[in-house]
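Here is the structure we will look at.
Nothing in this text is a laboratory measurement; each read-out follows from the coordinates by a stated rule. Keep in mind the model is a prediction, meaning the values are calculated, not measured. So basically every Cβ, Gly included, is an ideal-geometry build from the backbone, and we count neighbours across all protein chains shown.
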Amino acid sequence: MSIVLVSIILVAAIILLVTEKLPYDLTAFAIIAALVALGILSPREGLSGFANPAPLTIAFLFVISQALVRTGALDFITQQIIRYSGGKPGRLLFILLFTVGGFSSFLNNTPVVVLFISIVMSICCEYSLSPSKFLMPISFVSILAGTSTLIGTSTNIIVSDLATQHGLAPLEMFELSPLGIPTAMAGAVFLFFWGPRILRTHKEPICELKDGGRNRYLAELLVPEDSPLVGAAARDVFKKRFPDIEVFEVIRGVMVCDPHRDTVSVLPNDILLVKATAQQLSVILADKSALSLHQKVAQNSASKKKRPITVELLVQPNSDTVGQSLSDMLAGLDAHIRVLGVKRHWKHYQAEKFRDLTLAVGDLILAEVPPDHLDQIRATGDLIVIEDVHKTIVDKKKAPLALTVFALMILSAAVGIASLLQAAMMAMLILVLTGCIGLREAYRAIDIRILVLIVGTLALGLALTKSGAADLYAQTLLTPLQGTSPRLVLSGFILLTSLLSLFISNNATAALLLPIAISTAGALGVDPRPFVIGICFGASACYATPIGYQTNLLVYGPGGYKFTDYLKLGIPLNIGVWLVASIFIPLIWRF
């Protein structure tokens, strides 16, 4: 009976995590509550994840990563990127891939990608490049590099801890490196050559912080039914009269079309997102070719510092705004901030609809902000001003200390002086006590939602083992594969893990599948180590959807991507990682 109940909870949990009908942290609490209420786990067992070393270690590493960013410990390298790229796309992509990959081998990749989103957007504004050519590749390479070391991704830490609970040795700091580093480098090469071919150009309209004295305004223009613009190709609709007016998006209902990627003709009631001078906009509005939706057009070349500028604000992970309505978010900011629209996954929400919209990670808010109010937005830490290179460094003088503490943490964990939990705990404590990161900011750096999800899925993984469901699933999987090679079974597990991680958290995927993988190895009579390693690589192979990994979701809006872009670039990468792991894991970690 316990097996049936656990199976029902497992299926329900996967459905809820895939569909996101409930917030994933609430789903995790529901899992624990159901397991305890049904008597499958005791209250102590159900809540044991809160005392588990894996979530605690991950929490400490969140703080350490944020301290390195906030002290500017990474700032020197990022400034060199801007300096040496010289506006050349190939050189910039090469530097970004290997820099982001190197950082992500040892740091939580979410703050790394957040930092580099700002860098990429700033460089693209500076040299009129397309951010879509760079943002998805840096997200993918940050995930690839996570399998290079034990601390490269929280998934590896969870797998290591679960392995010890099943009587196996924990993963060593660089145990994954013999396969992880070559795989990451091969993936970076693939992204360098294939990414620019696959990813179409999407020019970024929000470059007002870099627009100098050109005094061009971003405006949303409504096309009336009798407009002479109706029927024209959106990309070239103003080309004859005003060749330098740029049309970035066509908003039709709630859908957003990119005229540079798709063939789009202007229809009545379309909204055109354009950038033009005040004089050009005045002429267009005067002859009734289009109507202004939001703002009055400036009639003179007033100083840019005296007028509001239009910026895009990205809702980042750990933000207090996640789950809030836009109205509540604005209530906590300045009254001078005026929201023009919200974009989510190529859907555009206008004023009459977005006030009660519940904000989510990756949402892009188009807003008019007085220049002297930008610092207030930056100070909250909830929203990223897309064009910022880096505006929140606390104290550069403490960057050497932060780097030293970080290096000592890695060294002590690698040589066995301390466990990873002990090393991370001490490093976090030193960084807070020395002021490298404030206590309040340390709390904000910890993504509680992810930790709660880990705790919930750890409880479900324990229930799978305790009830015997993991053994039953293993036997069921092996029945049609009797007489086949353990290599084939391992390859199937890696593929299954990769597919599941495309739709739910890779942490949850690893916690759910590892007990089944270990039971399968036991049924085959082989060493479970290759299966443990396979779960690490499979869970991180989540490139083909934007929802598979948090960094993929973060770059979705700023890069102007569509779901199909992830399929085109991510599926080959997923297949490549699966094949490489299937072939080389049994050669490095013997059965």
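Brief remarks follow.
- In plain terms, if you count all Cα to Cα distances in the range 467-567 and split them into 10 Å steps from zero, the share in each step is 16, 41, 25, 13, 4 percent.
- Relative to the current alpha-carbon distance between Ile82 and Ala186, full extension at 0.36 nm per residue lengthens the span by 35.0 nm.
- Pairs over the 27 Å Cα-Cα cut-off, from the set Lys240/Lys343; Lys21/Lys133; Lys239/Lys568; Lys275/Lys343; Lys21/Lys562: Lys240/Lys343; Lys21/Lys133; Lys239/Lys568.
- Normalised by the number of residues in the chain, the average gap of Cα pairs under 8 Å and 6 or more apart makes the relative contact order 20 percent.
- Each stretch of four or more DSSP H residues adds -39500 (n - 2.57); spread over every residue of the chain, this sum gives -17000 deg cm²/dmol at 222 nm.
- Separation of alpha-carbon centers, the range 400-476 and the range 1-70, rounded to whole Å: 15 Å
- Cleavage-rule hits, GluC sites (Glu not before Pro), the range 126-204, DSSP coil, Cβ neighbours within 10 Å at most 15: Glu172
- Over all Cα atoms in the range 83-205, the spread is summed up by Rg and Dmax: 16.3, 56 Å.
- Length added when fully stretched, Phe584-His166, from 0.36 nm per residue minus Cα-Cα: 148.1 nm
- Taking Cys436, Cys257 and counting other C-beta atoms within 10 Å, the order from fewest to most: Cys257, Cys436
- Relative intensity, log₁₀ I(q)/I(0), of the chain from a Debye sum that treats every alpha carbon as a point, q = 0.07, 0.10, 0.12 Å⁻¹: -0.45, -0.88, -1.20
- Here r is the Cβ-Cβ distance between Arg197 and Asp236 and R0 is 22 Å; the resulting FRET efficiency, rounded to 0.05, is 0.30.
- The range 104-140 and the range 523-591: distance between their alpha carbon centers, rounded to Å: 21 Å
- Shown is the FRET efficiency for Glu126 and Met1, computed with R0 = 45 Å from the Cβ-Cβ distance and rounded to the nearest 0.05: 0.10.
- Rg/Rh for the range 80-134, where both radii come from Cα atoms and Rh is the Kirkwood radius: 0.95
- Label point distance in nm, Ser327-Arg440, each placed 7 Å from Cα along Cα→Cβ: 2.8 nm
- Tail fraction, Cα-Cα pairs, the range 1-146, threshold 24 Å, whole percent: 52 percent
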